[in-house]
Amino acid sequence: MNPMSDDVQASIEMAADPRAVYDIVTDVAQLPRWAAETVSCRWLDGADGPVVGARFRGVNRHGPLRWWTTSTVTEARPGRCFAWKVTALRWPIAEWRYEIEPADGGCRVTERTRNLTNPFFRRIVGPLGTGVANRAEHNRRNMEKTLLALKEYVAASP
């Protein structure tokens, strides 16, 4: 991914089984325990797990600002990949994904995002609603924090 684009990624290795990590990253209700910007998250429409088409609602915060988004699962491959598309007020916002690969002694987890907003939303609406002027750089820093917290969470999980 181009480091100057709105596509961002970060990776970390951890001593954990890929399937166990997948089970943790797909338990969206637990996401606030390790995700840097997430306050709460829950499945919608009777969904209770990661299947393509399932939707979940997330509430995020940055400083005093809070906002909610709706996400639709686009990929759910146990032990390999969990991906979703984010909308706010029916506007496309982003695509997010966790890719999990076996690695020596455990696995490598890569978190990726791609900004889907139009230029008006990117320059005006997003910064006003979230307090974040440079979303790509903000996401990059948050991904690093999130992956470190995920690694600690995974290590502490039974």
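The values are calculated or read from the model by the stated rules, or taken from the named source; none is laboratory data. Bear in mind that the values here come from a model prediction, so they are computed numbers and not experimental data. Every residue, glycine among them, receives a Cβ derived from its backbone with ideal geometry; neighbour counts consider all protein chains shown. For the accessible areas, the whole protein counts, side chains as well, though only heavy atoms, and no ligand, DNA or RNA atoms are used. Shrake-Rupley method; radii C 1.70, N 1.55, O 1.52, S 1.80 Å.
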(1) open to solvent by less than 60 Å² (accessible area, probe 1.4 Å); (2) modelled with pLDDT of 95 or more all hold for Leu31 apart from (2)
Flag if Ala47 is closer than 14 Å to Leu150 by Cβ, modelled with pLDDT of 95 or more and in a loop (DSSP other than H, G, I, E, B): no
The correct count of residues that are surrounded by fewer than 16 Cβ atoms within 10 Å (Cβ to Cβ) and assigned to a strand (DSSP E or B) in segment 8-23 is 2
Would you be able to tell me the number of residues in segment 129-141 that are open to solvent by 20 Å² or more (accessible area, probe 1.4 Å), assigned to a loop (DSSP other than H, G, I, E, B) and either of a type in the set (Lys, Arg) or touching a residue at least 24 places away in the same chain (Cβ under 8 Å) (or both)? 1
Give the residue that is farthest from Pro158 (Cα to Cα), with candidates limited to residues of segment 39-56 that are open to solvent by less than 20 Å² (accessible area, probe 1.4 Å) and free of Cβ contacts under 8 Å to residues at least 24 places away in the same chain. Ala54
Taking segment 58-76 as the search range and keeping residues that are touching a residue at least 24 places away in the same chain (Cβ under 8 Å) and of a type in the set (D, E, K, R), which one is nearest to Val39 (Cα to Cα)? Arg61
